[in-house]
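*Asks:* Quick one: the structure is below, and I'll ask about it shortly.
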Amino acid sequence: MGKRKIQDESEVIRWFEEGRTYAWMIDEYKRKYGIETVPSMWGNFRRRRGLDRRIVRDDDLIPWFVKEEHRWAYPLAMLRAEARRRAGKELTEADTSRLTSWLEMLAENEAVVHYDEETEEGFFYVPRHEEDDDIIHRPKKKTTPRPNADKG
């Protein structure tokens, strides 16, 4: 078995607690130790040590497989921010402000988010119906490609 690349586990745990990105860790390890690493190494370390994910997966709030061309749409960005807020994660001041305004817009327009992968736009705001119990119009079946790996 090869030599371990992690030089100081407490240092790496601190980086996770500080919210450092995998890209930052890769660059820092190359600079500090001259060691090449890849994102999967950091993700595996996080999972083995039971550290919290920085990305929140909420299959109830984002129950769709989202096509590549729709992954940066504003409604999806706001759904991700709302998922982080619901999970108790800290949002930036800018994200908090945008999310608050966006949620107010949905409420004022009595609208919910709908996703249709077959369209160019992907995401739409549609009128809220009686069966809409959240800020999305739920599909008949979830199409999320993978379950949340950290749910037990």
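*Asks:* Nearest 500 deg cm²/dmol is fine: what mean residue ellipticity at 222 nm does the chain get from its DSSP H runs of n ≥ 4 alone, each adding -39,500 (n - 2.57), divided by its residue count? The partial results should precede the final answer.
*Replies:* Numbers: 5 runs with 60 residues, N = 152.
Counting only the DSSP helices, I get -12500 deg cm²/dmol.
*Asks:* In whole Hz, what ³J(HN,Hα) sequence does region 84-101 give by Karplus (6.51, -1.76, 1.60; θ = phi - 60°), x for Gly and Pro?
*Replies:* 5, 4, 5, 7, x, 7, 7, 9, 5, 4, 5, 5, 4, 5, 4, 5, 4, 4
*Asks:* Once the other residues with Cβ under 12 Å from the Cβ of Asp134 are scored (Lys, Arg +1; Asp, Glu -1), what is the net sum?
*Replies:* Numbers: positive: Arg86, Arg128, Arg138; negative: Asp58, Asp60, Glu82, Glu131, Asp132, Asp133.
Once positives and negatives cancel, what remains is -3.
*Asks:* Just to confirm the filter: which GluC sites (Glu not before Pro) across region 98-137 are DSSP coil and have at most 15 other Cβ within 10 angstrom of their Cβ? List each step's numbers first, then the result.
*Replies:* Numbers: sites: Glu104, Glu108, Glu110, Glu117, Glu118, Glu120, Glu121, Glu130, Glu131; in loops: Glu110, Glu117, Glu118, Glu120, Glu121, Glu130, Glu131.
Those satisfying the criteria are Glu110, Glu117, Glu118, Glu120, Glu121, Glu130, Glu131.
*Asks:* Excluding ligands, DNA and RNA, what is the solvent-accessible area per residue of the chain at a probe of 1.4 Å, expressed in Å²?
*Replies:* Details: 10240 Å² over 152 residues.
I get 67 Å² per residue for the chain.
*Asks:* Write out the trypsin sites (Lys or Arg not before Pro) in region 26-104 meeting two conditions: DSSP loop, and at most 16 other Cβ atoms within 10 Å of their Cβ. List each step's numbers first, then the result.
*Replies:* Numbers: sites: Lys30, Arg31, Lys32, Arg46, Arg47, Arg48, Arg49, Arg53, Arg54, Arg57, Lys67, Arg71, Arg80, Arg84, Arg85, Arg86, Lys89, Arg98; in loops: Arg49, Arg53, Arg54, Arg57, Lys67, Arg71, Lys89.
Counting only loop positions with at most 16 other Cβ atoms within 10 Å, the trypsin sites (Lys or Arg not before Pro) in region 26-104 are Arg49, Arg53, Arg54, Lys67, Arg71, Lys89.
*Asks:* For a test of understanding, tell me how many lysine pairs in region 17-152 have Cα atoms under 27 Å apart, given they are 8 or more places apart or on different chains.
*Replies:* Close lysine pairs found across region 17-152: 10.
*Asks:* How much FRET efficiency would the formula 1/(1 + (r/R0)^6) give for Ala107 and Thr143, where r is the Cβ-Cβ distance and R0 is 30 Å, rounded to 0.05?
*Replies:* Details: r = 27 Å, r/R0 = 0.89.
For R0 = 30 Å, the calculated efficiency reads 0.65.
*Asks:* How big is the accessible area of Asp8 in square angstrom, nearest 10, if you roll a 1.4 angstrom probe over the protein chains?
*Replies:* 60
*Asks:* With the full set of protein chains in place, find how many percent of the accessible area of the chain is carbon and sulfur; take the probe as 1.4 Å. Provide the component values of the computation, followed by the final result.
*Replies:* Numbers: 5110 of 10240 Å².
Roughly 50 percent, rounded to a whole number.
*Asks:* What relative contact order, as a whole-number percentage, does the chain give when Cα pairs under 8 Å and 6 or more residues apart are counted?
*Replies:* Rounded, it is 21 percent for the chain.
The values are calculated or read from the model by the stated rules, or taken from the named source; none is laboratory data. The shown structure was predicted, so the numbers you read here are calculated from the model rather than taken from an experiment. All Cβ positions, glycine included, derive from the backbone under ideal geometry; neighbour counts span all protein chains shown. Side chains included, ligands, DNA and RNA excluded: accessible areas come from the protein's heavy atoms. Shrake-Rupley method; radii C 1.70, N 1.55, O 1.52, S 1.80 Å.
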